[in-house]
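For reference, the structure discussed in these notes is given below.
Since every read-out is calculated from the coordinates, none of them should be taken as a lab result. Predicted, not measured: the structure shown is a model, and the values here were computed from it. Reconstructed Cβ throughout: ideal geometry from the backbone, glycine too, with neighbour counts over all protein chains shown.
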Amino acid sequence: MLIGDVLLVTGDNKLSSGLVAAQKAIYKNSISSHVELGLGDGTFVHATGDGGVHVTFILDELVQCKDEWRAIRLKGISEDQQEELGKAGLYFLRQDYNKIFMGSGNDHSSFCSELIAKVYEKAGISILDKKKPSKVAPAHFDKEADQLSDWEDVTDEYKERLKEIEANPFPYRLACGTIKASMAKRHITSGGRETIFKAMEMMAEKEGNPRLKEIVDEVKKDLREKRVLHFWDENDQN
């Protein structure tokens with residue numbers, strides 16, 4: 001299970017069946033209603049109507065899906081590219097779910113396949129003939145999974161690894177939970193820092209204290225240069 005893998009699933013409800021049927025116009029052999037991006041070791045990031053963009057655990061996902069799921073991996077993916085994909089996947093956390101399927105797209109919401117296309121685009125990796133993210137459907141990944149020209153099928157690898165995870169899920173759940181908690185803490189800390197910076201800037205202007213404004217600018221510059229992770233809704237460094 002590598003960072004950047006794409007999990008293709010179909011929910012076991014009528015809505016999912018309807019989504020699959022609607023995508024037959026895009027690709028006649030479409031079978032998937034949802035796609036998720038792997039962050040490694042059973043942790044995924046995806047976009048859903050009830051949670052927006054968030055992190056989830058594979059065992060919790062598959063229990064709600066039909067058995068005919070698949071996993072694919074971009075051929076020739078390097079470790080450096082995986083690292084960029086991991087950072088890009090986390091970048092979009094907390095976005096709303098884009099309810100306008102195959103629309104013009106925006107910078108603050110994503111549906112499931114749009115999210116994956118955005119992540120690859122942000123990581124600087126070309127997929128799906130550079131199709132605009134908001135025009136990417138799960139059906140496009142179904143087509144890639146069938147043709148296997150740019151991607152390879154790693155479903156069997158996943159099924160073998162799942163046996164290991166199911167036998168001892170604790171360390172994998174712990175890793176997933178740690179990511180969730182760390183990202184939540186970062187969001188809270190960033191919001192508090194932004195509030196403090198704004199108060200200091202207002203004080204500097206009110207008191208005519210340019211040095212105070214310089215201090216804030218220096219801290220922001222340091223954040224921009226030293227941070228490894230960035231987020232679409234984080235404004236404490238701007």
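Put one equal scatterer on each alpha carbon of the chain, apply the Debye formula with no solvent term, and list log10 I(q)/I(0) at q = 0.09, 0.11, 0.17 1/Å to two decimals.
For the chain, the Cα-only Debye profile gives -0.43, -0.61, -1.25.
If you average the sequence gap of Cα pairs under 8 Å that are 6 or more apart and divide by the length of the chain, what percent do you get for the contact order?
Result for the chain is 21 percent.
Which value, in debye to the nearest 20, describes the size of the charge dipole of the stretch 181-238 about its Cα centre when Lys and Arg Cβ atoms bear +1, Asp and Glu Cβ atoms bear -1, and nothing else is charged?
Rounded to the nearest 20 debye, it is 200 debye.
Cross-link candidates for residue 220: which lysines have Cα within less than 24 Å, leaving aside residues fewer than 8 places away along the same chain?
Output for residue 220: 87, 122, 185, 198, 206.
Quick one: Karplus J couplings for the stretch 172-189, per residue in order, coefficients 6.51, -1.76, 1.60, θ = phi - 60°, nearest Hz, x for Gly and Pro?
The phi angles translate into 6, 5, 4, 4, 5, x, 5, 4, 4, 5, 5, 5, 5, 5, 4, 5, 5, 4 Hz.
In whole Å, what is the distance between the alpha-carbon centres of the stretch 1-79 and the stretch 182-202?
Value for the Cα centre distance between the two parts: 33 Å.
What's the exposure ranking of 33, 16, going from fewest to most Cβ atoms within 10 Å?
Ascending number of Cβ neighbours within 10 Å: 16, 33.
So how much slack lies between residue 132 and residue 64, counting 0.36 nm per residue of separation and subtracting their Cα-Cα distance, in nm?
Fully extending the segment from residue 132 to residue 64 adds 21.6 nm.
What order do you get for 229-235, 135-141 when each peptide is scored by the mean count of other beta carbon atoms within 10 Å, highest first?
For the peptides 229-235, 135-141, the packing ranking is 135-141, 229-235.
Can you work out D for the stretch 102-203 in µm² s⁻¹ from Stokes-Einstein, where Rh is the Kirkwood radius over C-alpha pairs, the temperature is 10 °C and the viscosity is 1.306 mPa s?
The diffusion coefficient I find is 91 µm²/s.
Based on Cβ point charges of +1 for Lys and Arg and -1 for Asp and Glu, what charge dipole magnitude is obtained for the stretch 113-219 about its Cα centre, in debye rounded to the nearest 20?
Magnitude of the dipole: close to 540 debye.
With charges only on Cβ, +1 for K and R and -1 for D and E, what is the dipole size of the stretch 1-112 about its Cα centre, in debye, rounded to 20?
The dipole of the stretch 1-112 has a size of about 560 debye.
Students often forget the sequence filter, so: which aspartates and glutamates lie under 20 Å Cα-Cα from residue 221 once same-chain residues fewer than 8 apart are removed?
Cα-Cα hits under 20 Å: 194, 201, 205, 233, 234, 236.
For the stretch 25-119, which GluC sites (Glu not before Pro) are both in a DSSP coil and crowded by at most 14 other Cβ atoms within 10 Å?
68
Using Cα pairs closer than 8 Å and at least 6 residues apart in sequence, work out the relative contact order for the stretch 93-184, in percent.
In percent, rounded to a whole number, it is 20.
Show which lysines lie in cross-link reach of residue 66 when reach means a straight Cα distance below 25 angstrom and same-chain residues fewer than eight apart are skipped.
In chain and number order, the partners are 14, 24, 28, 99, 143, 159, 163.
For the chain, what is the calculated [θ] at 222 nm in deg cm²/dmol (nearest 500), taking -39500 (n - 2.57) for each run of four or more DSSP H residues and dividing by its residue count?
-16000 deg cm²/dmol
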